[in-house]
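**Student:** Quick one: this structure, given as structure tokens, is what I'll be asking you about.
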Amino acid sequence: MAIELDKAVISQFDSAASREWIETNGLGGWASSSVSGANTRNYHGVFVSAIDPPVGRMVMLNKLEEIISVGEEKYELSCNQFPGKVCCEGLQYLNKFTRDIFPVFQYKIENIEITKTIAAMYQEDTVVITYEVTSADTEFELDLKPLISFRDYHSLSHANDGINRNIKFGNDTLEVNPYPGLPTMYIYIDKSTFRFDPAWFHNFEYREEQARGLRFSEDLFCHGNFTVKLKAGSKVGIVISTLQNADKDAFKRVQQEKERRENLLTKIPVKDMLSRTLILAADQFLVKRGEDLKTIIAGYHWFADWGRDTMISLPGICLINERYDDAKKILKAFAQSIDHGMLPNRFSDRGEAPEYNTADATLWFFVAIKKYLDYSGDEEFVLNELLPVLKSIIEYHDAGTRYNIKVQEDGLIYQGQIGMQLTWMDAKIGDWVVTPRIGKAVEINALWYNALLIMSEFSQKAKQEHDSTTYRERAEKVKSSFMEIFLNKEKGYLYDCIKGDYKDASFRPNQIFAMSLPYSLLDRELSASILKMIEEKLLTPYG
């Protein structure tokens, strides 16, 4: 299911600028922009490095402006938005955009046809760009102008006198280190020359940030221009990296990365184009955390790894395609971060202590581990390393942990305090809590029921019969209490949240977890009835 956009779609700036692509490197960094070539977010850049994987993201190389010169004629392939105008001459030369293994741009300029491919190297802070001239009736020059900012990916750059204008160029490699204390970026372009011409370029505008009411204007710096001479059949590779000794054989690197991604497709249980597309997309979210562990990014461009998102997505990203070692490293990473019986809600962008403001991420941890064991059969890891951690989590929830998360006399979990949102419905605007759910939330207790039965299952496998029986009996008590207080008999569905005598009868999707988790709390008849109501009231074509 390769994405293919032809001239009819990409010839108009609004259409091309509204479509984005991203290439990630398994470290938390990326190359990303819009199909038009204009950056529309301050998160866009040809080379965005995660200097403390998977966080500490820094936009180093924002753009690589491209100009083709044939004799005295010059053709700019770039697009940019500036105050009051859009410069999008390059769109008239963009013939086709495709995205399958990599994003590929095909340009046609008079009698010249040239194809550009962009690839991020897996678990290496390197982006490779290749150009292949498929046809040309004369020799021509390709000028490349690197525009940099070297700033945090949430911020914007503005012209200043503190930037280091000095650079080193030799052996086809440009060394860029504009500010002290930051990594050096190396840009290698085979058989190139470089003309030193330092200057600031002002007022690049990012339309997506503008639409969100955020700061959207930036100044970028350029040290000068690369030039390469090309003709029909020519190939040129660009290697952009923070590694001084990165392998500079661009075409070999792209082929190796292509083979790595294609190898992922051999483990798909269903061999169709949709599965192929999803496996390739999912691979972009799996990243390193520290030296030996892994995690899953919650979303690009601005999220890092979140406990809830990681545990929910782990089966689809790591298990159905047999990436068991990656799943194991993810579970280890989060097990090592548990504090007071709680899984982190999120890790910070800048290395501060994790945040532990979630009631459900910890319980999703149990479900993810069960699915890991179901797929991999790795009892040694689960029973020897993770089972003691899970027992500690249960004990903390019995005694009470942060934010009044505690098991009550009826066996159900109560959670929450004023001003804190601990479920996935956690939106706040200032001090206004959009969906207050302090109390016994329906999906939290469905997860708790599953956690107890999963513990019973694991304890039995570990030949801890007494513990297994105890957990199972506790689960039965939870089920009895759950059905007694959560079933809205009058309307035939489940209450969303209960606090004392107050029962929130808002019809929400949270109740679906009472039937969709490994251990269902509801019988088939009630499940079918509630599911039908959910489809009628909540299901839409887009979400």
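The values are calculated or read from the model by the stated rules, or taken from the named source; none is laboratory data. Please read these numbers as outputs of a predicted model, since none were measured by experiment. Cβ coordinates were reconstructed from backbone atoms using ideal geometry, including for glycine residues, and neighbour counts include every protein chain displayed. Each accessible area value is taken on the protein alone, full model and side chains, heavy atoms only, with ligands, DNA and RNA left out. Shrake-Rupley method; radii C 1.70, N 1.55, O 1.52, S 1.80 Å.
**Student:** Would you check if there is a residue in the stretch 205-216 being in a strand (DSSP E or B) and within 27 Å of the chain's Cα centre (by Cα)? Lay out the reasoning, then the answer.
**Tutor:** Keep residues of the stretch 205-216 that are in a strand (DSSP E or B), which gives 205.
Those still in the list that are within 27 Å of the chain's Cα centre (by Cα) too: 205.
Checked against the condition, which is being in a strand (DSSP E or B) and within 27 Å of the chain's Cα centre (by Cα), the stretch 205-216 yields at least one hit.
**Student:** Test each condition in (1) closer than 25 Å to Arg261 by Cβ; (2) touching a strand residue (DSSP E or B) at 6+ places or on another chain (Cβ under 8 Å); (3) at pLDDT below 95 for Gly56 and report the one that comes out false.
**Tutor:** Every listed condition holds for Gly56 apart from (1).
**Student:** Every residue in the stretch 190-230 that is in contact with a helix residue (DSSP H, G or I) (Cβ under 9 Å, 6 or more places away or on another chain) and either within 30 Å of Thr138 (Cα to Cα) or of a type in the set (S, T, N, Q) (or both), please.
**Tutor:** Matches in the stretch 190-230: Asp190, Ser217.
Quick grid of which residues meet (1) of a type outside the set (Val, Ile, Thr); (2) in contact (Cβ under 8 Å) with a residue 40 or more places away in the chain; (3) surrounded by fewer than 19 Cβ atoms within 10 Å (Cβ to Cβ); (4) touching a helix residue (DSSP H, G or I) at 6+ places or on another chain (Cβ under 8 Å):
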residue	(1), (2), (3), (4)
Glu4	yes, yes, yes, no
Ser11	yes, yes, yes, yes
Thr24	no, yes, no, no
Ser33	yes, no, no, no
Gly37	yes, yes, no, yes
Arg41	yes, yes, no, yes
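**Student:** A follow-up question, please. Looking only at residues in the stretch 58-72 that are touching a Ser or Thr at 6+ places or on another chain (Cβ under 7 Å) and charged (D, E, K, R), which one is least open to solvent (accessible area, probe 1.4 Å)? Quick ask: steps written out before the conclusion?
**Tutor:** Narrowing the stretch 58-72 to residues touching a Ser or Thr at 6+ places or on another chain (Cβ under 7 Å): 58-60, 62, 65-66, 70.
Subset that is charged (D, E, K, R): 65-66.
Working: Glu65: 25, Glu66: 8 Å².
Result: Glu66.
**Student:** Determine which single condition Thr40 fails, assuming it passes every other condition in (1) under 23 Å from Leu220 (Cα atoms); (2) in contact with a strand residue (DSSP E or B) (Cβ under 8 Å, 6 or more places away or on another chain); (3) not in a loop (DSSP other than H, G, I, E, B).
**Tutor:** Only one criterion in (1) under 23 Å from Leu220 (Cα atoms); (2) in contact with a strand residue (DSSP E or B) (Cβ under 8 Å, 6 or more places away or on another chain); (3) not in a loop (DSSP other than H, G, I, E, B) is unmet by Thr40, namely (3).
**Student:** Residue by residue through the stretch 422-436, note down the ones that are part of a loop (DSSP other than H, G, I, E, B) and farther than 22 Å from Phe482 by Cα.
**Tutor:** Asp426, Ala427, Gly430, Asp431, Val434
**Student:** Moving on. Condition first: closer than 30 Å to Asp137 by Cβ, among the hydroxyl-bearing types (Ser, Thr, Tyr), touching a Ser or Thr at 6+ places or on another chain (Cβ under 9 Å) and not in a loop (DSSP other than H, G, I, E, B). Can you find one or more residues in the stretch 231-252 that meet it?
**Tutor:** Within the stretch 231-252 (the criterion being closer than 30 Å to Asp137 by Cβ, among the hydroxyl-bearing types (Ser, Thr, Tyr), touching a Ser or Thr at 6+ places or on another chain (Cβ under 9 Å) and not in a loop (DSSP other than H, G, I, E, B)), the answer is no, since none of the residues qualifies.
**Student:** Which count do you get for residues in the stretch 290-318 that are in contact (Cβ under 8 Å) with a residue 60 or more places away in the chain, open to solvent by less than 40 Å² (accessible area, probe 1.4 Å) and farther than 12 Å from Lys329 by Cβ?
**Tutor:** 6
**Student:** Next question, about the same structure. Output the residues belonging to the stretch 61-103 that are of a type in the set (Asp, Glu) and touching a strand residue (DSSP E or B) at 6+ places or on another chain (Cβ under 8 Å).
**Tutor:** Glu65, Glu66, Glu76, Glu89, Asp100, listed by residue number.
**Student:** OK, next. Residue by residue through the stretch 423-432, note down the ones that are surrounded by 15 or more Cβ atoms within 10 Å (Cβ to Cβ) and over 18 Å from Lys503 (Cα atoms). Before the answer, list the steps.
**Tutor:** Residues of the stretch 423-432 that are surrounded by 15 or more Cβ atoms within 10 Å (Cβ to Cβ), as a first pass: 423-426.
Correct list: Trp424, Asp426.
**Student:** Conditions: (1) within 30 Å of Asp305 (Cα to Cα); (2) part of a loop (DSSP other than H, G, I, E, B); (3) hydroxyl-bearing (Ser, Thr, Tyr). Ser49 meets all but one. Number of the miss?
**Tutor:** Single failed check for Ser49: (2).
**Student:** Hey, can you tell me all the residues within the stretch 533-543 that are more than 16 Å from Leu487 (Cα to Cα) and of a type outside the set (Val, Ile, Thr)?
**Tutor:** Glu535, Glu536, Lys537, Leu538, Leu539, Pro541, Tyr542, Gly543, listed by residue number.
**Student:** Restricting to the stretch 149-184, name every residue that is without any contact (Cβ under 8 Å) to a residue 24 or more places away in the chain, farther than 23 Å from Val236 by Cβ and either in contact with a helix residue (DSSP H, G or I) (Cβ under 6 Å, 6 or more places away or on another chain) or among the charged types (D, E, K, R) (or both).
**Tutor:** Asp161, the sole residue that qualifies.
**Student:** Which residues, counting only those in the stretch 324-346, are touching a Phe, Trp or Tyr at 6+ places or on another chain (Cβ under 8 Å) and open to solvent by less than 20 Å² (accessible area, probe 1.4 Å)?
**Tutor:** Of everything in the stretch 324-346, those that are touching a Phe, Trp or Tyr at 6+ places or on another chain (Cβ under 8 Å) and open to solvent by less than 20 Å² (accessible area, probe 1.4 Å) turn out to be Ala327, Leu331, Phe334, Gly341, Met342, Leu343, Pro344, Asn345.
**Student:** Listed residues Lys235, Lys145, Lys191, Lys231; which is in contact (Cβ under 8 Å) with a residue 24 or more places away in the chain, at positive phi and of a type in the set (Lys, Arg)? Write out each step before concluding.
**Tutor:** Details: Lys235 fails: at positive phi; Lys145 fails: at positive phi; Lys231 fails: at positive phi.
Result of the check over Lys235, Lys145, Lys191, Lys231: Lys191.
Here is a yes/no grid of residues against (1) within 24 Å of Thr423 (Cα to Cα); (2) touching a residue at least 24 places away in the same chain (Cβ under 8 Å); (3) of a type in the set (Ser, Thr, Tyr):
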| residue | (1), (2), (3) |
| --- | --- |
| Arg472 | no, no, no |
| Pro509 | yes, yes, no |
| Tyr519 | yes, yes, yes |
| Asp523 | no, no, no |
| Leu531 | yes, no, no |
